[in-house]
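Reading through the structure tokens given below for one structure.
The values are calculated or read from the model by the stated rules, or taken from the named source; none is laboratory data. This structure is a prediction, so every number in the text was calculated from the model and none was measured. Cβ coordinates were reconstructed from backbone atoms using ideal geometry, including for glycine residues, and neighbour counts include every protein chain displayed. Ligands, DNA and RNA are excluded from the accessible area calculation, which covers all protein heavy atoms including side chains. Shrake-Rupley method; radii C 1.70, N 1.55, O 1.52, S 1.80 Å.
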Amino acid sequence: MEHRPRPRQRAAGWDELARNEFAADHLEPLPLGVLVAATAGWMGYMIQQSLQNALGRAGVERTVVTLITQTLCDAGDAELRTPTKPIGHALDPARRARLEALGVPVKEDKPGKWRRLAPSPRPLAIVERTMVQSLVAGGYIVIACGGGGPPVYNDPALRLEGIDAVADKDRVAAILGRDIGAEVLLILTDVDAVYRGWGTPARQAIGRLSLADADQLLAGGELGTGSMRPKVEAAADFVRAGGERAVIAELAQGLAALRGDAGTTITKETG
């Protein structure tokens, strides 16, 4: 019988990066884009199988399919020249020193917690979007854009070429939702809602935001540059592009958040 450990939220995707670094003395390291594709494959397989089993137990006959999608980016994106996105597990002193010796940028993400930095160009489109659209229209449940999808750019001679970078998965999800005409974008994370005054004694969970309120929150700099900012940006972009609502919530509260009983819901208008 095959036994698989349950993936840890967020951290699981970076196991491939850690394996890549640990094996660097023996094997040629793989580019980030290839690692993203590999992660999208094995995590997609596990999610696909779990959904198939759950649907079967519920007596629902639906087909689930995992698709490795590529995320189109601009080769001239300034982010490619100045990596700013923390990725991977926290680095111990030896791994940090090794990466710095190799010229890999690292940053103290939290006090005493160092992580490597990667380029994160803004996603423009999903290369396989028409395939996703066709599968969804045919009634399939599609798992796509895993890990944000491996970033690619259009080379004038070679056409699609990979980029050694990581695309933001929340922004990519918003683009996919727009392209397939989704009514709702549900972003699940490890925080139960968007907060005002996060990290202060006066922090306050936000239950609902209008698009104007979300834009004001982003413009005010209250979200800083942390991981919640791209989630709110993606949610606002999805609603701006025609989505009915976007919801940001903790993983365990996903269903309650869809009902409006948890998380933060962003709509075009208040109420």
Enumeration of residues in the stretch 189-207 that are under 15 Å from Ala235 (Cα atoms) and surrounded by fewer than 16 Cβ atoms within 10 Å (Cβ to Cβ)
Gly207
Residue that is most open to solvent (accessible area, probe 1.4 Å), among those in the stretch 169-185 that are touching a strand residue (DSSP E or B) at 6+ places or on another chain (Cβ under 9 Å) and not in a helix (DSSP H, G or I):
Glu183
Filter result (assigned to a loop (DSSP other than H, G, I, E, B), aliphatic (A, V, I, L, M) and within 22 Å of Arg259 (Cβ to Cβ)) within the stretch 193-211:
Ala193
Identify all residues within the stretch 44-83 that are more than 20 Å from Val127 (Cα to Cα) and charged (D, E, K, R); write none if there are none.
Arg57, Glu61, Arg62, Glu79, Arg81
Filter the stretch 237-248 down to the residues that are open to solvent by 50 Å² or more (accessible area, probe 1.4 Å) and touching a strand residue (DSSP E or B) at 6+ places or on another chain (Cβ under 9 Å), then identify the one that is farthest from Gln216 (Cα to Cα).
Glu244
Under 6 Å by Cβ, and 6 or more places apart or on different chains, what pairs join a residue from the stretch 77-103 that is touching a residue at least 24 places away in the same chain (Cβ under 8 Å) with one that is hydroxyl-bearing (Ser, Thr, Tyr)?
Glu79/Ser120; Lys85/Ser120
Looking only at the stretch 254-271, which residues are more than 23 Å from Ala212 (Cα to Cα) and in contact (Cβ under 8 Å) with a residue 60 or more places away in the chain?
Gly254
Identify all residues within the stretch 256-271 that are in contact with a Leu (Cβ under 6 Å, 6 or more places away or on another chain) and either open to solvent by 10 Å² or more (accessible area, probe 1.4 Å) or assigned to a loop (DSSP other than H, G, I, E, B) (or both); write none if there are none.
Lys268
Limited to the stretch 154-167, what total is found for residues that are open to solvent by 10 Å² or more (accessible area, probe 1.4 Å) and within 23 Å of Pro86 (Cβ to Cβ)?
3
Which pairs turn up if I take residues in the stretch 45-70 that are farther than 21 Å from Glu128 by Cβ and look for partners that are open to solvent by 70 Å² or more (accessible area, probe 1.4 Å) and not aromatic (Phe, Trp, Tyr) with beta carbon separation below 6 Å, at least 6 apart in sequence or on another chain?
Leu55/Arg62
Within the stretch 42-54, of all residues that are in contact with a strand residue (DSSP E or B) (Cβ under 7 Å, 6 or more places away or on another chain) and open to solvent by less than 70 Å² (accessible area, probe 1.4 Å), the one farthest from Ala165 (Cα to Cα) is Leu51
Considering residues that are touching a Cys at 6+ places or on another chain (Cβ under 8 Å) and in a loop (DSSP other than H, G, I, E, B), the number found within the stretch 25-72 is 1
Residue tally, condition farther than 25 Å from Asp109 by Cα and not in a loop (DSSP other than H, G, I, E, B), over the stretch 215-255:
14
Candidates Leu251, Leu218 - the one that is closer than 25 Å to Lys85 by Cβ, surrounded by fewer than 18 Cβ atoms within 10 Å (Cβ to Cβ) and without any contact (Cβ under 8 Å) to a residue 24 or more places away in the chain
Leu218
